[in-house]
1. Suppose we filter the range 94-106 for residues that are surrounded by 14 or more Cβ atoms within 10 Å (Cβ to Cβ) and either within 11 Å of the ligand (Cβ to nearest atom) or over 18 Å from the mean Cα position of the chain (by Cα) (or both); how many remain?
2. When you go through (1) touching a Lys or Arg at 6+ places or on another chain (Cβ under 6 Å); (2) within 13 Å of the ligand (Cβ to nearest atom) one by one for Leu74, which number turns out not to apply?
3. So, in the range 47-62, exactly how many residues are within 8 Å of the ligand (Cβ to nearest atom) and buried (at least 18 other Cβ atoms within 10 Å of the Cβ)?
4. In the range 1-17, what residues are within 13 Å of Ile193 (Cα to Cα) and of a type in the set (A, V, I, L, M, F, W, C)?
5. Condition first: β-branched (Val, Ile, Thr), under 22 Å from Ala109 (Cβ atoms) and more than 9 Å from the ligand (Cβ to nearest atom). Now tell me which residues in the range 2-37 satisfy that.
6. Looking at the range 86-98, which of its residues are closer than 17 Å to Arg23 by Cβ and hydrophobic (A, V, I, L, M, F, W, C)?
7. Restrict the check to the range 79-89 and report whether at least one residue is in contact with a helix residue (DSSP H, G or I) (Cβ under 8 Å, 6 or more places away or on another chain), outside any helix (DSSP H, G or I) and within 13 Å of the ligand (Cβ to nearest atom).
Amino acid sequence: MIEMWELVGENDRRYSNFSWRIRMALRHKQLEVQYRPVLLTDKASIGFSGGKTVPVIRDGDTVVRDSWAIAEYLERQYPDRPTLFGGDTGQAVARFANNWVDRTLLAIAFPLLAGDALAVQRGEDHDYFAALIERLTGLTPPALKEHQGRNAERLAKAVDPARATLKRQPFLSGNSPAYADYALFSIYQWARIVSPLDLLADDPAMRDWCDRLLDLNGGFARDTPAFR
Ligand SMILES: N[C@@H](CCC(=O)N[C@@H](CS)C(=O)NCC(=O)O)C(=O)O
């Protein structure tokens, strides 16, 4: 069985947005997985991967880290399972979507949500995460809080290409969900898990899409410990 290392916070919150992309991808591929929760500060547990971030998977003798590399591995290794990309063209476009999420949306979502994410860390990780926030944003968590409303507006605006698409089709990937959807979903799933803010309260097209993803596979993504 595939093992997957991911972060864990207070009350068993599995809050890593990159790991959610792979949680969704593994379900999509109908692969069984054993989750291995780790703390941010417990780099020793993932040392075997050669890196310091999650997600990491081990599949037999193969270890893969980095969410995009894992998605590509799963597609290559399990070609007979439902496709994550829908062929070479789909894979290339999903790579673009993944980079858009990382470089445009996460760049806004991190300062928007990091202060709330700090509040759901386990005690052992608190100081490490607070230092990470200051390093990445240049602001202290209380200062970030003051910008939260403005950052929520920025995110709502930046996601407009997805909103416009979802007014015309049920998923970014067309009639059924695939990896590009999971990449974008990871931001909103992270928000559900770490923050009392409802980012999609006034956003019906995005909310309906998010609900469709939360309903997949018996609602497993909805059932994780979260604020909503
Ligand atoms: N490009 C990597 C980024 C992974 C990443 O930054 N993961 C975060 C959690 S969402 C992490 O493990 N951070 C640990 C740290 O910064 O110490 C991927 O796609 O997997």
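1. Going residue by residue through the range 94-106, those that are surrounded by 14 or more Cβ atoms within 10 Å (Cβ to Cβ) are 94-95, 97-98, 100-102, 104-106.
From what's left, either within 11 Å of the ligand (Cβ to nearest atom) or over 18 Å from the mean Cα position of the chain (by Cα) (or both): 98, 101-102, 106.
Count: 4.
2. Just one mismatch for Leu74, condition (2).
3. Just the residues of the range 47-62 that are within 8 Å of the ligand (Cβ to nearest atom), to begin with: 52-55.
Filter once more, so that each one left must be buried (at least 18 other Cβ atoms within 10 Å of the Cβ): 54-55.
Residues meeting the conditions: 2.
4. Restricting attention to the range 1-17, the residues satisfying the condition of being within 13 Å of Ile193 (Cα to Cα) are 7-17.
Selection gives Leu7, Val8.
5. Within the range 2-37, the subset β-branched (Val, Ile, Thr) is 2, 8, 22, 33.
Checking the rest, the ones that are also under 22 Å from Ala109 (Cβ atoms) come to 8, 22.
Matches in the range 2-37: Val8 only.
6. Quick first cut of the range 86-98, residues closer than 17 Å to Arg23 by Cβ only: 94, 98.
Within the range 86-98, just Ala94 meets the criteria.
7. No, the range 79-89 has no match at all.
Values in this text are rule-based calculations from the coordinates and carry no lab data. All of these numbers come straight from a predicted model, not from anything done at the bench. Positions of Cβ are backbone-derived with ideal geometry, glycine not excepted, and every protein chain shown enters the neighbour counts.
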